[in-house]
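Written below as structure tokens is the structure these notes are about.
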Amino acid sequence: MARKDRMGNRKTRDQRSKRRVPEMGYYLVVTDTEATERCFFDGLHDSLPEDTQKKLVIKVVETKTQNLIQKCIELTAYEAQYRIPWIVFDRDQVTNFNKIIQEAEKAGIHVGWSNPCFEIWMFAYFGNMPAIHDSWVCCSKFEELYKNKTGQSYSKADTDMYKRLVECGEEEKALAVAEQKYQQCLRDGKTIPSEMCPATRVHELVGEIRRKTLKI
């Protein structure tokens, strides 16, 4: 059979793409860490009902901090109308933290930042977000809390991380605690995000996904 005949019944790239579009959205999450965010969001997706997992995609991609925006733009360019772009990263030692947030939002990219680190968001699952300004201290204190609440040692690469958070903590409370903390910083007149405002916006991404799937 000639090549052109073999290709005659094939669908075009656009047709194949449309067939694969998830009903509830395609979340593209670009992060600058090697494990924590991937384990968390993979766990979130795995926790959804099986039929829902097929309707909503959460794709996590790692890159360097300085490449977050460009990587997100590159990956969103293909089937841009179907992808919901986010970058998720920590203040930690990032000197141009605020600038990255501003440039991302200007480019139409959602930002799930955490100050000082992602663990400040996970603290909320246990009902509180303490005022910790140093990422090392934040991680250390969260390790202690996590061990106390779950009976397991905390690891940034633990694939059961999310499962343990929702089993031993409360996600609905976490969403509320994070929003309250964020609004408190605004009321106190602190620059968002600033070194003096330990807070997070990751809850906006998690909350949006949950509203679509579980109607929280």
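The values are calculated or read from the model by the stated rules, or taken from the named source; none is laboratory data. Model, not experiment: these values are computed from the prediction. Glycine gets a Cβ as well: all are built from the backbone with ideal geometry, and neighbour counts include every protein chain shown. Heavy atoms of the whole protein, side chains included, go into the accessibility calculation; ligands, DNA and RNA do not. Shrake-Rupley method; radii C 1.70, N 1.55, O 1.52, S 1.80 Å.
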- [ ] State whether the residues of region 50-58 include one that is free of Cβ contacts under 8 Å to residues at least 60 places away in the same chain and either aromatic (F, W, Y) or open to solvent by less than 50 Å² (accessible area, probe 1.4 Å) (or both).
- [x] yes
Task: Pair list, Cβ < 8 Å and 6+ apart or interchain, from region 86-100 residues that are closer than 17 Å to E37 by Cα to residues that are open to solvent by 70 Å² or more (accessible area, probe 1.4 Å) - done: W86/H110; I87/H110; R91/E195
- [ ] Starting from residues that are open to solvent by 10 Å² or more (accessible area, probe 1.4 Å) and either in a strand (DSSP E or B) or among the aliphatic types (A, V, I, L, M) (or both), keep the ones in region 26-49 and report whichever is farthest from A80 (Cα to Cα).
- [x] A35
- [ ] Confirm whether G151 is open to solvent by less than 80 Å² (accessible area, probe 1.4 Å) and at pLDDT 95 or above.
- [x] yes
Open item on the list: List pairs: first residue in region 179-190 and farther than 20 Å from V206 by Cα, second residue part of a helix (DSSP H, G or I) anywhere in the structure, Cβ distance under 9 angstrom, at least six positions apart or on different chains.
Closed with: K190/Q184
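Being open to solvent by less than 10 Å² (accessible area, probe 1.4 Å), of a type in the set (A, V, I, L, M, F, W, C) and touching a helix residue (DSSP H, G or I) at 6+ places or on another chain (Cβ under 7 Å) narrows it down to one residue among I120, I132; which is it?
I120
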